[in-house]
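Heads up, the thing below is written out as structure tokens.
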Amino acid sequence: MRLSHILLAVLTIFIWGFNFVLIKVGLLGMPPIFLVCCRFFLSCFPAIFFIKRPAVPFKKVVAYGLVMFALQFALLFSGMHLGVSPGLAALVLQAQVFFITFLGVVILKEKLRLAQILGALIAFSGIGCIGLNMGGEMTLTGFLLIISAAAVCAPGNVISKKIGPVNMLSLVVWSSLVAWPPLLIASLWLEGPAVILESLQTLSWKSAGAVLYITYLSTLFGFSMWNRLIHRYTLGTIAPFSLLSPAVGMLGSILVFHEPLYSWKILAGSLIILGLGINLVGMRRVTVENIQDN
């Protein structure tokens, strides 16, 4: 990889890792589902007037927007609202890799390697370590919501796979258009108009800044840059950079929210990252073999 592209990949992952901290900042002033709604409303307006719709059947854009954006992030933000710290949320969400692998085997008939099985067992032992140490920083409901968000990534990625190569920025903008209306309805129903109105009337500059970061840096810039790198390099080359995300999330949570770094967190984080690394080795072998077969 060119040095400029390595730096771009690291910058993107840093933005995504620190995004967990900014989500928590946003949640201090806004209810979770409404915060997700604001994220995707701002992601599509006014960009949708300038960016052409992706050249795929619109029903696939609808499916992607509802699953990958509306459902996944509603679960993630709600889990963090119910007591999951940014650092732990960043770690637990990495379970998405193994849900994606499992669904890829079941639905897409992809090959499953021993390294991927071993990586999943190691990583889930790390998640189990987190589950055994729930307390002030994590509630059971919050933990289950984050795990559910990770699980939702699997069908979301299957939908993305079926969409095929497409301009990611265009897909993000138009999928955001699909995502925000049901999120607004869910927020009005579950959180209530009074809570939403109060959050808007008392919106602080910190919460407003968090919304802008989540929208423009994490969503629009992050997805478009990552897509650019994936189109230029193989998945096996780019994917390992994602291992930095939970480390950035944990470090950011320590610096901003003074999240305590207990020994069990170090053990859990090490197991999850080790499991991810082993899994990525297995993914890379499959990619190389597919290239050789072709």
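The values are calculated or read from the model by the stated rules, or taken from the named source; none is laboratory data. Owing to the predicted nature of the structure, the values given are computational and were not obtained by experimental measurement. Methodologically, a virtual Cβ is constructed for each residue, glycine included, from the backbone with ideal geometry; neighbour enumeration extends over all protein chains shown. Quick note on the areas: whole protein, heavy atoms, side chains included, nothing else; ligands and nucleic acids left out. Shrake-Rupley method; radii C 1.70, N 1.55, O 1.52, S 1.80 Å.
When a/c reaches 1.5 or more, the comparison of a/b and b/c decides; with that in mind, is region 141-241 rounded, prolate or oblate per its Cα gyration tensor? Please list the in-between numbers first.
On the way: a/c = 2.07, a/b = 1.71, b/c = 1.21.
Prolate, because a/c is 1.5 or more and a/b exceeds b/c.
Could you give the alpha-carbon Rg of the chain over 2.2 N^0.38 Å, rounded to two decimals?
Working: Rg = 18.6 Å, N = 294, 2.2 N^0.38 = 19.1 Å.
My calculation over the Cα atoms of the chain gives 0.97.
Given the whole protein assembly as supplied and a 1.4 Å probe, what does the accessible area of Thr101 come to in Å², nearest 10?
Near enough 20 Å² of accessible area.
Students sometimes get this wrong: rank Ile196, Ile100 by accessible area, probe 1.4 Å, all chains present, largest first.
On the way: Ile196 15, Ile100 50 Å².
Solvent-accessible surface, decreasing: Ile100, Ile196.
Just give me a number: lysine pairs in the chain, eight or more positions apart or cross-chain, with C-alpha atoms less than 30 Å apart.
For the chain, the number of qualifying lysine pairs is 18.
If a/c stays under 1.5 just call it rounded; otherwise compare a/b with b/c (prolate if a/b is bigger, oblate if not). Do that for region 42-165, with a ≥ b ≥ c from the square roots of the Cα gyration tensor eigenvalues. Show your work: numbers first, answer last.
Working: a/c = 3.06, a/b = 1.31, b/c = 2.33.
Oblate shape, in that a/c is at least 1.5 and b/c is the bigger or equal ratio.
Skip the ligands, DNA and RNA, and give the accessible area per residue of the chain with a 1.4 Å probe, whole Å². Walk me through the numbers on the way to the answer.
Numbers: 13720 Å² over 294 residues.
Accessible surface, normalised per residue, equals 47 Å².
For the full complex of protein chains and a 1.4 angstrom probe, list Glu191, Glu198 by accessible area with the highest value first. Present the calculation step by step, with values, prior to reporting the outcome.
Numbers: Glu191 35, Glu198 110 Å².
The residues order as Glu198, Glu191, largest area first.
Over the heavy atoms of Ile273, what accessible area does a 1.4 Å probe trace out, to the nearest 10 Å²?
60 Å²
Hey, can you list the DSSP H helices of the chain whose Cα span along the axis is 30 Å or longer and whose average Kyte-Doolittle score is at least -1.0? Intermediate values should be presented prior to the final figure.
Numbers: long enough: 3-27 (36 Å, 1.99); 140-163 (35 Å, 1.43); 168-190 (31 Å, 1.74); 263-293 (45 Å, 0.73).
Result, helices passing both filters: 3-27, 140-163, 168-190, 263-293.
For region 132-176, build the convex hull from the C-alpha positions and give me its volume per residue in Å³. Don't jump to the answer; show the numbers that get you there.
Values: hull volume 4.8 nm³, N = 45.
Taking the convex hull of the Cα positions in region 132-176, it is 106 Å³ per residue.
Dipole magnitude of the chain about its Cα centre, charges +1 at Lys/Arg Cβ and -1 at Asp/Glu Cβ only, in debye to the nearest 20?
Values: 18 positive and 7 negative charges, 182 e Å.
My answer is approximately 880 debye.
Pick out, from Val248, Trp264, Gly156, the residue whose Cα sits farthest towards the positive end of the charge dipole of the chain, with +1 on the Cβ of Lys and Arg and -1 on the Cβ of Asp and Glu.
The residue sitting farthest along the positive end of the dipole is Gly156.
First compute the accessible area of region 40-189 with a 1.4 Å probe, then give the percent of it belonging to carbon and sulfur atoms.
Working: 4910 of 6590 Å².
Result for region 40-189: 74 percent of the exposed heavy-atom area is carbon or sulfur.
By accessible area of protein heavy atoms, probe 1.4 Å, what ranking do His5, His258, His81 get, highest first? Let's see the in-between values first.
Working: His5 10, His258 145, His81 95 Å².
Sorted by accessible area, descending: His258, His81, His5.
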